[in-house]
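The values are calculated or read from the model by the stated rules, or taken from the named source; none is laboratory data. Only a predicted model underlies this, so the values are computations on that prediction, with no experimental measurement involved. Cβ: placed from backbone, ideal geometry, glycine included. Neighbour counts: every protein chain shown.
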Amino acid sequence: MIPARWSLARRLLLAAGVLVLVILPLAGGGLAYTFRQTVTASFDERLDSMSRVLLAAVERDPRSGRLRAAPALGDARFERVFSGWYWQVGDGRGETRVSRSLWDQRLPLADASAGVTHRDISGPRGEPLRLIERRVRVAGDPRPLRVGLAVSRQALDDEVARFEWLLWLSLLALGLLLLGGLAAQIRWGLAPLRRLHADLREVEAGRAERLGTRLPAELSELAGAMNEVLTRDRRLIERGRAAAGNLAHALKTPISVLGTLSGRHPEPARLRAELKRLDEAVRHHLARASAAGGASLAGRVRADEALAPVVDGLSRLAERRGIELDVELAPSLALRVDAQDLQEMVGNLLENALHWACHRVTLRLTTRDGAACLEVEDDGPGMPPEQREAALARGARLDERRSGSGLGLAIVEDLMALYDGRLTLEAAELGGLAARIRLPLGGPA
């Protein structure tokens, strides 16, 4: 059974190989059989001619009534003992004349009816012979004669064997040429598919936005349809992000107004808590909506350039709070991630670290084992191992006395799922919490 993941080229080449291996041996067998029959028929015609000459040389002595025949038939091999060329004439009543080559042996003539028969027999020394046998009546002789002439098959068999050897050698060469030609034909025929596959890889890697359409008619239509799908997806993503941004701006003002008016409510603390939950939920779902779908069509961005606005803004925040912010970004490192998503991830992690840090926060972006590794560490109080997993739960808050919440970490984890990345929380060398992000350099699978 052919594996399901075999390529088209391998499948076509296997099918061509099976056809060649089936058709060529059948054709070779047919040609060999035809040649063998033709050569044997020609050989039998030659024996028939020699048999007629022998028959013409046979007569019965009118005085003694005994059979007489020419001794050599024009070929010295009938005179050489056990040469493989023999003749024999008998009347069926014990009188038999044989060639000198038979010496004291006899040919196994059958009691055939009138006519001519050809068959293969074994000679006096076990050699293969081709025998022609006749049963004829001679004018004036009441007794029918049985005339047999046998000749070695060695020349016939050698000729057939030589032809078959040349035939199979030629068919082998032809099969190799056919397979090579078919392989070249398959490679040439599937070249547009390989080009389409390469274009898809380019789009997937973010180095191109559209597929090339300079392809055969069938594939050109397919590439055009896929380009339309890509264009429509980009428009939908852009429209969704724009809608998410507009919705965020539209909700911020009413929430701020409600916060201002909460002082007139009979239970202002409870109202402000509910408004805060509403604000966090809106921010969370809008952040997910603005990032959803970006992984599939994201291009490559330079991490240091994309993070420059985030680092600049949060550096000023760190200065106001008296916190030292150390930034170490690998220069010219390109990631296949949307710039806005990268800013969202790093911004949430840095903001969370600045909330809890006492004096120092570090941001490092390096490459390790074929992946981009982003680390944010602080020297705050840290987090026990049992609370690190809980911190990634949506909206989890481990300390109500401090501003901020676990919402930022949950958003980062949601973004990681889009890019096949991984977020882990560990103990930092500075003494606080270390948030580590691992992103594949090739982008999402």
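One line per residue, one yes/no per condition, for (1) assigned by TED's automatic domain parsing to the domain that holds VAL310; (2) out of contact with any Ser or Thr (no Cβ under 8 Å at 6 or more places or on another chain); (3) surrounded by fewer than 13 Cβ atoms within 10 Å (Cβ to Cβ); (4) at pLDDT below 65:
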| position | (1), (2), (3), (4) |
| --- | --- |
| THR362 | yes, yes, no, no |
| VAL376 | yes, no, no, no |
| MET383 | yes, yes, no, no |
| GLU389 | yes, yes, yes, no |
| LEU392 | yes, yes, no, yes |
| ALA396 | yes, no, no, yes |
| GLU400 | yes, yes, yes, yes |
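With respect to the conditions (1) touching a residue at least 24 places away in the same chain (Cβ under 8 Å); (2) in a helix (DSSP H, G or I); (3) among the basic types (Lys, Arg), ARG207 lacks only one, and its number is (2).
Conditions tested, residue by residue: (1) closer than 30 Å to ARG36 by Cβ; (2) loosely packed, with under 15 Cβ neighbours inside 10 Å; (3) not assigned by TED's automatic domain parsing to the domain that holds ARG36.
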position: ALA150; (1), (2), (3): yes, no, no
position: GLU164; (1), (2), (3): yes, no, yes
position: LEU169; (1), (2), (3): yes, yes, yes
position: LEU172; (1), (2), (3): yes, yes, yes
position: ALA183; (1), (2), (3): no, no, yes
position: ARG195; (1), (2), (3): no, no, yes
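Determine if the range 298-311 includes at least one residue that is at pLDDT 85 or above and under 20 Å from ALA428 (Cα atoms). No, there is no match, as no residue in the range 298-311 is at pLDDT 85 or above and under 20 Å from ALA428 (Cα atoms). Within the option set LEU317, LEU342, LEU325, being among the hydrophobic types (A, V, I, L, M, F, W, C), outside any helix (DSSP H, G or I), in the same structural domain as GLU375 (by TED's automatic domain parsing) and modelled with pLDDT of 75 or more holds for one residue only, LEU325. Only a single criterion out of (1) at pLDDT 85 or above; (2) acidic (Asp, Glu); (3) more than 24 Å from ASP420 (Cα to Cα) is not satisfied by GLU280, namely (1).
Rundown of residues vs (1) hydrophobic (A, V, I, L, M, F, W, C); (2) modelled with pLDDT under 75; (3) more than 28 Å from GLY126 (Cβ to Cβ), yes/no style:
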residue	(1), (2), (3)
SER49	no, no, no
ALA57	yes, no, yes
ARG60	no, yes, yes
ALA69	yes, yes, no
ALA72	yes, yes, no
ASP75	no, no, no
PHE82	yes, no, no
TYR86	no, no, no
GLY90	no, no, no
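In the range 184-200, the residues that are in contact (Cβ under 8 Å) with a residue 60 or more places away in the chain reach residues that are exposed (fewer than 13 other Cβ atoms within 10 Å of the Cβ) and not in a helix (DSSP H, G or I) with C-beta atoms within less than 9 angstrom, at least six apart or across chains, in these pairs: LEU190/SER7. Only one of the numbered conditions (1) at pLDDT below 85; (2) part of a loop (DSSP other than H, G, I, E, B) is not met by ARG214, and that is (1).
Could you list, in sequence order, the residues of the range 232-242 that are free of Cβ contacts under 8 Å to residues at least 12 places away in the same chain and not charged (D, E, K, R)?
From the range 232-242, those free of Cβ contacts under 8 Å to residues at least 12 places away in the same chain are 232, 235, 238-239, 242; that's our starting set.
If the condition is that a residue be free of Cβ contacts under 8 Å to residues at least 12 places away in the same chain and not charged (D, E, K, R), then ALA242 is the only one that fits.
Return the residue satisfying two criteria in turn: it lies in the range 74-93 and is assigned to a strand (DSSP E or B) and free of Cβ contacts under 8 Å to residues at least 60 places away in the same chain, and of such residues it is nearest to the chain's Cα centre (by Cα). Selected residue: VAL89. Does LEU24 satisfy being within 30 Å of LEU174 (Cα to Cα), out of contact with any Phe, Trp or Tyr (no Cβ under 7 Å at 6 or more places or on another chain) and at pLDDT below 90? When the stated conditions are applied, LEU24 does not pass them.
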